[in-house]
Amino acid sequence: MTSARFSLTRSVGGAVLLTVVCVNTLLLAAFGMLDYAGEKQRLDTELRYDLSAIAGQLADNLAMPLWYLEKDHAARLVDGVMRNERIAAVVVTEQGNKGISIGRTRDRDWKPTALTERPALSDVIGERREIHYENTRLGTLELFATRRFVAQDLHRSLLRILLRILGLNAALALALAVVVRWRIIQPLSRLERYAARVSLGDDAPGDPAELADLRFELQSLGRTMQSTVQRLSAAQRNYRDIFENATEGIFQTTFDGRILSANAAMAGMLGYDSPKALMDDITDVGRQLFHNPEERRDMLSRLVSEGSVTDLLVRFLRRDGQTIWVRLNTRLVRDASGNPLYTEGTLSDVTARLRAERRLEILNRHLREAVRERTGRLAEKAAELEAANARLTELDRLKSGFLATVSHDLRTPLTSIMGFAKLIARDFNRFFAPFAQGDGRSDRLRRQAERITANLAIIESEGERLTRLINDFLDLSKIEAGRAQWRDAAVIPAAIITRAADAVSADFEAKPEVAFSMELAPDLPALLIDPDRLSQVLVNLLGNAAKFTDEGHVRLRAFRRDGMLRVEVADSGQGVPRESLEKIFDKFHQAQAGDTMEEGRRRKGTGLGLAICRQIVEHYKGHIWAESELGRGSTFIMELPLPITVGPNAATEETS
């Protein structure tokens, strides 16, 4: 293990060294190729420059010998040029002569030799010059230089470059070997030894000796490794604490039934003192723990096919022979090839819970039976109440019919009584009252005549009140029974309101201390309503305001608000207490002591007016209510929905 570990660290150092040397070689080779190319270009340029210079000088030197026809002199000049080994051939031709006048070339041994025809040369460069003497063209000079010596110089330069690369690589490899061993291999070896010690389970706290004297990134790596080891050790201790202190049983078992590991909760659940005692005693889980071994075989089959089994209720056998119910959650662990290794999971004792659920089920059954019995009784009571309601409805219908009949029968004799009372009063005042004033006993008779007249007036007044009562009751009965006739028509609300105000004007004229005012918005649209019913509501509200206001004011306002026609009748009377604001719209409710006035000042009425008003307003989907404070007056408000108008000329609703 140790040799393998250190060979691993050496291989890392060797890889680093080899990588650096290869990279350095590539870089040096690249720069060497650049030097080689530059050297080749330089030598080629130098050769061309020298060839041009020699050609120019030789052309100038040959001018005079050729002018004076001194070919020997010219030949010596050419031979002098051929002493330069880089010159491969010289060709001189005279003007007007197509043949070679003077020519030199090289043989196989690279020695100068005479030339009689143009040579076939390879790997050479040439330079051509005209030979002139005092502006007279004498001939042509062609000079050829070989590249063979340039190639030799390039080979020597390439050899120097290779030697330089090898020398630098050798020096670099030696330096890197020392540095890598000192800075990488040895620190990595210490890190490796620390990792090996941790893998063997030595996770003692503190600063390990292997991590001392580390520098740079390796020092940071060592600290990170130590911190990671500490966190892993803490996590391992944490999971070990969870495993050992869990309230649920945690286990690992093999396929043949042996327990690989178990926690204290599982051991205690099965009646053992410790997990070791459980694992030593149980050699076959299916036979020793499962109440029915077939259940474990079925569970293993499901694990192989599905991979996990959850919420499995099975019966287990404790060490003392008792049977308990447990809930199993287990899964199958496989190796890298997919072969089953072992099973692991959790179990919890649910015996008490199942018993409680059983008791709860019994209680629920009893409760359902009790509810069923109580529901039957309630159904019987409901049937009795329905029958009683039907009887009450029939009685109410009979009552309404009886009262309507009685009211109709009462109205006939009451009309006769009122008619005869008016006739008696008229005849008495016409025929008998004058005699009472002319008689000697005029004072006594006059008083008796006045009393008779007053009594007849009382009979007439009470008859009218009873007639109103009967009429109101008949109206209310018809509305409630749905037999009332509604003669709806398109009416102008302002006209109906004005007519209602005129109908009660006599009541306000009888009370000069009460000021009446009316304010109508100019844009009140037409309503589809029974004009007599609307007038009946307005007359009732204005009549009540006049009746219950002794001094102050009564204001009538009508305007549009939120798609409704709003009518307000406000007075400065005694007001209505808050608890009676709804009661005054009930049938036969009249102003009582404490409602609107002190005892002894009650106004006589039928008690049906406001009830009829509410029935009429609600028939047209409207609302009517009262707002009041004792001693500060009352305001009765009625709202009726306006017809929907569509189009650009539709009136805009305005509020007060």
**Asked** When the Karplus curve 6.51 cos²θ - 1.76 cosθ + 1.60 is applied with θ = phi - 60°, which whole-Hz ³J(HN,Hα) does each residue of the stretch 99-105 get, with x for Gly and Pro?
**Response** x, 7, 7, 9, x, 9, 8
**Fill in**
Of the accessible area of the stretch 294-353, computed with a 1.4 Å probe and all protein chains kept, carbon and sulfur make up a percent value of 44
**Request:** Just grab the label-to-label distance for ALA515 and THR351, each label 7 Å out from Cα along the Cβ direction, in nm (one decimal).
**Result:** 9.6
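With charges only on Cβ, +1 for K and R and -1 for D and E, what is the dipole size of the stretch 313-394 about its Cα centre, in debye, rounded to 20?
380
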**Request:** DSSP loop (so not H, G, I, E, B), at most 14 other Cβ within 10 Å: list which chymotrypsin sites (Phe, Trp or Tyr not before Pro) in the stretch 39-131 pass both filters.
**Result:** TYR68, TRP110
**Item:** Alpha-carbon centroid distance for the pair the stretch 252-327 / the stretch 487-538, whole angstrom
**Value:** 94
**Prompt:** Using just the C-alpha positions of the stretch 14-118 as equal point scatterers, what log10 of I(q)/I(0) does the Debye formula give at each q in 0.13, 0.23 1/Å?
**Reply:** -0.62, -1.22
**the stretch 22-82 - Debye-derived log10 I(q)/I(0), Cα point model, q = 0.13, 0.15, 0.26 Å⁻¹** = -0.54, -0.61, -0.98
**Fill in**
Measure of exposure for TRP182: accessible area at 1.4 Å probe, Å² rounded to 10, is 150
**Request:** At a Cα cut-off below 19 Å, give the lysines reachable from LYS511, other chains included and same-chain residues fewer than 8 away excluded.
**Result:** LYS547, LYS604
**Request:** Give me the Kirkwood hydrodynamic radius of the stretch 266-334, using the inverse of the mean 1/r over all pairs of distinct Cα atoms, in Å to one decimal.
**Result:** 12.7
**Long-range HN-HN contacts of ASN263 with modeled amide H, under 5 Å** = ILE250
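Rounded, prolate or oblate: which fits the stretch 81-135, taking a ≥ b ≥ c as square roots of the Cα gyration tensor eigenvalues, rounded meaning a/c under 1.5, else prolate when a/b beats b/c? All intermediate terms of the calculation are to be shown ahead of the outcome.
Values: a/c = 2.08, a/b = 1.70, b/c = 1.22.
Prolate is the answer for the stretch 81-135, as a/c is 1.5 or above and a/b outweighs b/c.
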**Estimated FRET transfer efficiency (ALA246, LEU313; beta-carbon r; R0 22 Å; 0.05)** = 0.65
**Fill in**
Probe 1.4 Å, heavy atoms of protein chains only: per residue, the accessible area of the stretch 284-344 in Å² is 57
**Request:** With label points built 7 Å along Cα→Cβ from the Cα atoms of ASN471 and ASP109, find their separation and express it in nm.
**Result:** 16.9
**Prompt:** Tell me, in nm to one decimal, what length is gained between VAL178 and VAL16 on full extension, where the rule is 0.36 nm per residue of separation less the Cα-Cα distance?
**Reply:** 57.1 nm
**Item:** Computed E for HIS291/ALA336 - FRET, C-beta separation, R0 60 angstrom, nearest 0.05
**Value:** 0.95
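Rounded to the nearest 20 debye, what is the charge dipole size of the stretch 1-145 about its Cα centre when +1 sits on each Lys and Arg Cβ and -1 on each Asp and Glu Cβ?
That gives the stretch 1-145 a dipole magnitude of about 680 debye.
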**For the stretch 37-136: relative contact order, % (alpha-carbon pairs under 8 angstrom, 6 or more apart)** = 26
**Prompt:** With Cβ to Cβ distances under 14 Å as the rule, what net charge do the other residues near VAL92 carry (K, R +1; D, E -1)?
**Reply:** -1
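Given +1 on the Cβ of Lys and Arg, -1 on the Cβ of Asp and Glu, and no further charges, what dipole in debye does the stretch 471-571 carry about its Cα centre, rounded to the nearest 20?
Dipole of the stretch 471-571, to the nearest 20 debye: 340 debye.
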**Message:** With every protein chain left in place and a probe of 1.4 Å, what is the accessible surface of ILE424, to the nearest 10 Å²?
**Reply:** 90
**Request:** Would you kindly find the accessible area of THR228, with a 1.4 Å probe and non-protein molecules such as ligands, DNA and RNA excluded, rounding to the nearest 10 Å²?
**Result:** 50
**Message:** Straight-line reach from LYS98: which lysines fall under 18 Å, measuring Cα to Cα and dropping same-chain residues less than 8 apart?
**Reply:** LYS71
**Item:** Label-point gap, in nm, between GLU380 and ASP586 - each point 7 angstrom along Cα→Cβ
**Value:** 3.5
**Complete:** In order over the stretch 484-489: 3J(HN,Hα) from phi, Karplus 6.51/-1.76/1.60, θ = phi - 60°, whole Hz, x for each Gly or Pro, gives 6, 8, 10, 9, 6, 7
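The values are calculated or read from the model by the stated rules, or taken from the named source; none is laboratory data. Remember, predicted model here, so these are calculated numbers, not experimental data. Neighbour counts are summed over all protein chains in view; Cβ atoms, including those assigned to glycine, are modelled from backbone coordinates with ideal geometry. Just the protein is used for accessible areas: all its heavy atoms, side chains included, with ligands, DNA and RNA removed. Shrake-Rupley method; radii C 1.70, N 1.55, O 1.52, S 1.80 Å.
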